[in-house]
Amino acid sequence: KADGSNFGNAAAVVVLKRYSDAVDDGDHIHALIKGSAINNDGDRKAAYTAPSIDGQSSVIRNALRMAEVDPETISYVETHGTGTTLGDPVEIEGLKAAFNTTKRHFCRIGSVKTNVGHLDIAAGVTGFIKTVLALRHRLIPPTLHFETPNPKIDLVNSPFYINRELQKWKSEYGEQGRRRAGVSAFGIGGTNAH
């Protein structure tokens, strides 16, 4: 934008189809969505624009439960990652609570916003598209312009680490095996999606 903020406007379209229908129709399948969830922070936050650890961790736990996926099998999370002093620490605390594991540094995190800025209402779908392309190409893109973490974020005692350079996306299940990712999108009014 001309005012120097990192907000922009965008639109994106993603075609979703039942797996069995896509197979029957001979479609090229880029990725499978195993589960998803949405909620709203409601009164669990300090103010209208403030994020909530409880709301974010709850939506991630619900998506994992719906997908029947163990968090320790997820090797990448596309975070909402606004780069704000308050938002990013809340997001990491929410992720840590949802993953609820003592295993450390097994899951990379990143945000497409380091590439394109915050695309307002298309921010979530843009992160989703980035993650699908990463799955397809078996590569996790770097988090651009990252130098040091926010001191309010405790990554040392977490399952997460920031992906700083282009990495081959290997799988615990063999080179042709499953790769699992999560994608978070959080709205300014408290709507959370994962």
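The values are calculated or read from the model by the stated rules, or taken from the named source; none is laboratory data. The shown structure was predicted, so the numbers you read here are calculated from the model rather than taken from an experiment. Counting neighbours? That spans all protein chains shown, and the Cβs are built from the backbone with ideal geometry, glycine included. We work out accessible area using only protein heavy atoms, side chains counted, and drop any ligands, DNA or RNA first. Shrake-Rupley method; radii C 1.70, N 1.55, O 1.52, S 1.80 Å.
One table, with the values for the structure above:
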| quantity | calculated |
| --- | --- |
| Estimated FRET transfer efficiency (I38, K152; beta-carbon r; R0 30 Å; 0.05) | 0.70 |
| Net charge dipole size for segment 12-98 [Lys, Arg +1 and Asp, Glu -1 on Cβ; Debye, nearest 20] | 200 |
| Surface accessible to a 1.4 Å probe, D120 within the full protein complex, Å² | 80 |
| Alpha-carbon centroid distance for the pair segment 28-66 / segment 122-194, whole angstrom | 15 |
| Computed magnitude of the charge dipole of the chain (debye, nearest 20; Cβ of K, R +1, Cβ of D, E -1) | 380 |
| Rel. contact order, % - alpha carbon contacts under 8 angstrom, at least six apart, segment 59-194 | 35 |
| Cα gyration tensor category, rounded, prolate or oblate, for segment 1-98 with a/c compared to 1.5 | oblate |
| Per DSSP, loop chymotrypsin sites (Phe, Trp or Tyr not before Pro) in segment 33-100 with at most 13 further Cβ within 10 Å | Y48 |
| Residue-normalised accessible area of the chain, expressed per residue, 1.4 Å probe, Å² | 58 |
| Long-range HN-HN contacts of A10 with modeled amide H, under 5 Å | I121, A122 |
| DSSP loop GluC sites (Glu not before Pro) with at most 16 other Cβ within 10 Å: longest gap in the chain | 69-146 |
